[in-house]
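One structure below.
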Amino acid sequence: MQLRKAFYVSMLITYAQGFAILKVASDKYEYHLNPETIARIWRGGCIIRAAMLEDIMIAFQIKPDLSNLLLDDKLSQKIRENQENLRQIVCRASEAAIPIPGLMASLSYLDAFSSPWLPANLIQAQRDYFGAHTYERIDAKGTFHTDWQKK
């Protein structure tokens, strides 16, 4: 049952990521995609005819300009209720050296989406090390450069 719940929440997160990508592409290239219509088409006659698309259609009916399904109250509640199952399955699989890239990627997307801080400063530090491009810190204002060879 835990694996079923982990898979469910992983699929929900995957749909959220996919619809977010469709929205960005639609905005950038002026495709004028309607996410509710996409969910309805997929639900009605596509190979990915998942029941959760019904909830996705409703989310876009309620808020057509929803930027990410993770921001929908009902769907985010389902994720909160089931994310611990996903975390435990990913942890157990990792400890047993069992690759489950889809589940791991969806959990990473959820964590990245919901984190107030991401490790982009590591990239800044690498750029500073290799090219003195400077970096910002979270504990002090301004930009900094470190002579990494002397540390």
(request) Return the residue satisfying two criteria in turn: it lies in segment 1-17 and is surrounded by 13 or more Cβ atoms within 10 Å (Cβ to Cβ) and of a type outside the set (A, V, I, L, M, F, W, C), and of such residues it is nearest to the chain's Cα centre (by Cα). (result) Gln17
(request) Just one of (1) more than 28 Å from Tyr15 (Cα to Cα); (2) touching a residue at least 24 places away in the same chain (Cβ under 8 Å) trips up Ile123, so point out which. (result) (2)
(request) Can you tell me which residue within segment 99-135, out of those that are polar (S, T, N, Q) and assigned to a loop (DSSP other than H, G, I, E, B), is surrounded by the fewest Cβ atoms within 10 Å (Cβ to Cβ)? (result) Ser115
(request) For segment 41-53, enumerate the residues that are in a loop (DSSP other than H, G, I, E, B), surrounded by 10 or more Cβ atoms within 10 Å (Cβ to Cβ) and more than 22 Å from the chain's Cα centre (by Cα). (result) Cys46
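Can you confirm whether Lys28 is part of a helix (DSSP H, G or I), basic (Lys, Arg), surrounded by 12 or more Cβ atoms within 10 Å (Cβ to Cβ) and modelled with pLDDT of 95 or more?
Values: part of a helix (DSSP H, G or I): yes; basic (Lys, Arg): yes; surrounded by 12 or more Cβ atoms within 10 Å (Cβ to Cβ): no; modelled with pLDDT of 95 or more: yes.
Judged against the criteria, Lys28 is not a match.
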(message) Checking the condition out of contact with any Leu (no Cβ under 6 Å at 6 or more places or on another chain), surrounded by fewer than 12 Cβ atoms within 10 Å (Cβ to Cβ), at negative phi and not acidic (Asp, Glu), which residue from Ile38, Ile56, Ile138 passes?
(response) Ile138
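Which one of Leu70, Leu66, Leu12 is in a helix (DSSP H, G or I), out of contact with any Ser or Thr (no Cβ under 8 Å at 6 or more places or on another chain), assigned by TED's automatic domain parsing to the domain that holds Leu110 and hydrophobic (A, V, I, L, M, F, W, C)?
Working: Leu70 fails: out of contact with any Ser or Thr (no Cβ under 8 Å at 6 or more places or on another chain); Leu66 fails: in a helix (DSSP H, G or I).
Step by step, each of Leu70, Leu66, Leu12 is checked, and only Leu12 is in a helix (DSSP H, G or I), out of contact with any Ser or Thr (no Cβ under 8 Å at 6 or more places or on another chain), assigned by TED's automatic domain parsing to the domain that holds Leu110 and hydrophobic (A, V, I, L, M, F, W, C).
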(request) Could you check Lys141 against (1) over 25 Å from the mean Cα position of the chain (by Cα); (2) at pLDDT below 90 and say which number it fails? (result) (2)
(message) Can you tell me how many residues within segment 1-22 are closer than 18 Å to Pro64 by Cβ and out of contact with any Asp or Glu (no Cβ under 9 Å at 6 or more places or on another chain)?
(response) 6
(request) Could you check, for segment 130-140, whether at least one of its residues is among the small types (Gly, Ala, Ser) and within 23 Å of Met1 (Cα to Cα)? (result) no
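Please pick out the residue among Ile89, Ile62, Ile100 that is over 18 Å from Val9 (Cβ atoms), among the aliphatic types (A, V, I, L, M) and out of contact with any Gly (no Cβ under 6 Å at 6 or more places or on another chain).
On the way: Ile89 fails: over 18 Å from Val9 (Cβ atoms); Ile100 fails: over 18 Å from Val9 (Cβ atoms).
None of the other options fit; the residue is Ile62.
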(request) Enumerate the pairs (first residue in segment 32-58 and more than 21 Å from Leu70 (Cβ to Cβ); second residue anywhere and of a type in the set (S, T, N, Q)) with beta-carbon separation below 9 Å, excluding pairs fewer than 6 apart on the same chain, so at least 6 apart or on different chains. (result) His32/Ser26
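The values are calculated or read from the model by the stated rules, or taken from the named source; none is laboratory data. It should be emphasised that the depicted structure is a prediction, and the values quoted were computed from it without experimental measurement. Positions of Cβ are generated from backbone atoms using ideal geometry, with glycine treated the same way; all protein chains shown enter the neighbour counts.
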